[in-house]
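**Student:** This is the structure, below, for whatever I ask next.
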Amino acid sequence: YVLLFRSYDAVGDILVVESLSDGLLPYRGEIGKALLRLNPGMRTVMLKTGKVAGEFRVPRLEVVAGEEKWETVHSEYGIRVKVDLSKVYYSPRLGWERFRVASSVADGETVVDMFSGVGPFSLMIAKCAMAHVYSIDLNPDAIRLLSENVSLNRLCGRVEPICGDARAAAARLGAVADRVIMNLPGRSLEFLDAAAGVLKPGGGMLHLYVFAKEDPLRGAESALRRVADLYFASYNIRGTRVVKPTAPREWQVALDVWAEPRSP
Ligand code: SAM
């Protein structure tokens, strides 16, 4: 079976198969059933049928074996995340990255998670530190699930879900943040103005995600350098790492940037 798949992920009790070769597609039902037999805790097998789509970054999936169910609860690094794979984005492959970021947060910080989805960054941060997190997402289903996740992880009052556009919501919050998470890799650089506006005047940390091709670390840094001076009086790239491959010769890259906004 290792030879059949490029890879598959477990999201709660759902297995998500990345892709099958054309020759194997007609056998996806049988392959799904075999995967269920090999993974006794799993209830459903899904196959990706395309790239994540639209503004809400919803995955394209079809159920190929097991129960026709889309909701599940995934556990990562001590938090529980309820997802509905027909309505929201979620990738278990970012678990380590979220833990890495959350581990760097100090007690007392205010954090703005600008594209929170169902809240895995926000929840992990609030679990790791006595921080206050504002979690913004445009997708009402993501915010509904995030609210459930806040209760599920007993983090009421520490994580505040906000449904709406990140730029407008950040403007309403004002300059409150010690740290900003920007996990919308295709467009995060377009929202640097909003991130600069929500950072405290003395500056703070940005965790910024971008897609980069070829030389990904240098590519990501130069993409940031092309626009950062517009919004920041000074900035300092403290770290760059490849988070995961996203397409042939394309990667998601994390940039940790200390930045001081220009005065308004
Ligand atoms: N941070 C989450 C995670 O790690 O699972 C979700 C990341 S997902 C790649 C990006 C999210 O940004 C989606 O949930 C989408 O609905 C949201 N989004 C897209 N455009 C937005 C906007 N203008 N304002 C706020 N959220 C937006």
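**Student:** Which of the residues that make up the stretch 1-15 are at pLDDT 55 or above, over 18 Å from the mean Cα position of the chain (by Cα), part of a loop (DSSP other than H, G, I, E, B) and not polar (S, T, N, Q)?
**Tutor:** Within the stretch 1-15, Leu4, Arg6, Asp13 meet the criteria.
**Student:** Looking only at the stretch 73-82, count every residue that is in contact with a strand residue (DSSP E or B) (Cβ under 8 Å, 6 or more places away or on another chain) and either basic (Lys, Arg) or surrounded by fewer than 23 Cβ atoms within 10 Å (Cβ to Cβ) (or both) and tell me the total.
**Tutor:** 5
**Student:** Mind listing whichever residues of the stretch 83-102 are of a type in the set (D, E, K, R) and either crowded, with 21+ Cβ neighbours inside 10 Å or near the ligand (Cβ under 9 Å from one of its atoms) (or both)?
**Tutor:** Of everything in the stretch 83-102, those that are of a type in the set (D, E, K, R) and either crowded, with 21+ Cβ neighbours inside 10 Å or near the ligand (Cβ under 9 Å from one of its atoms) (or both) turn out to be Glu97, Arg98.
**Student:** Against the definition (over 22 Å from Tyr8 (Cβ atoms) and near the ligand (Cβ under 10 Å from one of its atoms)), how does Asn153 come out, yes or no?
**Tutor:** Considered against the rule, which asks whether it is over 22 Å from Tyr8 (Cβ atoms) and near the ligand (Cβ under 10 Å from one of its atoms), Asn153 comes out as no.
**Student:** Specify the residue that is farthest from the chain's Cα centre (by Cα); the eligible residues are those in the stretch 215-234 that are part of a helix (DSSP H, G or I) and of a type in the set (D, E, K, R).
**Tutor:** Asp229
**Student:** Within the stretch 52-70, is there a residue that is in contact with a Ser or Thr (Cβ under 9 Å, 6 or more places away or on another chain), assigned to a loop (DSSP other than H, G, I, E, B) and under 30 Å from Gly164 (Cα atoms)?
**Tutor:** Yes, the stretch 52-70 contains at least one residue that is in contact with a Ser or Thr (Cβ under 9 Å, 6 or more places away or on another chain), assigned to a loop (DSSP other than H, G, I, E, B) and under 30 Å from Gly164 (Cα atoms).
**Student:** Right, here's the next one. Does the stretch 96-105 include one or more residues that are without any contact (Cβ under 8 Å) to a residue 24 or more places away in the chain and within 26 Å of Pro245 (Cα to Cα)?
**Tutor:** Yes: one or more hits.
**Student:** In addition: Filter the stretch 136-149 for residues that are more than 9 Å from the ligand (Cβ to nearest atom) and of a type in the set (S, T, N, Q) and give the result.
**Tutor:** Ser147, Asn149
**Student:** Considering each of Val243, Val176 in turn, give the residue that is in contact with a helix residue (DSSP H, G or I) (Cβ under 9 Å, 6 or more places away or on another chain) and within 15 Å of the ligand (Cβ to nearest atom).
**Tutor:** When all the criteria are applied, what remains is Val243.
**Student:** Something else about it: Among the listed residues Arg100, Arg28, Arg37, identify the single one that is in contact with a strand residue (DSSP E or B) (Cβ under 7 Å, 6 or more places away or on another chain) and not hydrophobic (A, V, I, L, M, F, W, C).
**Tutor:** It is Arg28.
**Student:** Do you know which of the residues in the stretch 42-62 that are in contact with a Gly (Cβ under 8 Å, 6 or more places away or on another chain) and over 19 Å from Ala142 (Cα atoms) is surrounded by the most Cβ atoms within 10 Å (Cβ to Cβ)?
**Tutor:** Val45
**Student:** Of all residues in the stretch 103-124 being of a type in the set (A, V, I, L, M, F, W, C) and away from the ligand (no atom under 12 Å from the Cβ), which is surrounded by the most Cβ atoms within 10 Å (Cβ to Cβ)?
**Tutor:** Going through the qualifying residues, I end up with Val111.
**Student:** Please find, within the stretch 31-74, the residue that is farthest from the ligand (Cβ to nearest atom) out of those that are among the small types (Gly, Ala, Ser) and touching a residue at least 24 places away in the same chain (Cβ under 8 Å).
**Tutor:** Of everything passing the filter in the stretch 31-74, Ala34 is farthest from the ligand (Cβ to nearest atom).
The values are calculated or read from the model by the stated rules, or taken from the named source; none is laboratory data. These figures come from a predicted structure and were not determined experimentally. No Cβ is skipped: glycine too gets one built from the backbone with ideal geometry, and neighbour counts run over all protein chains shown.
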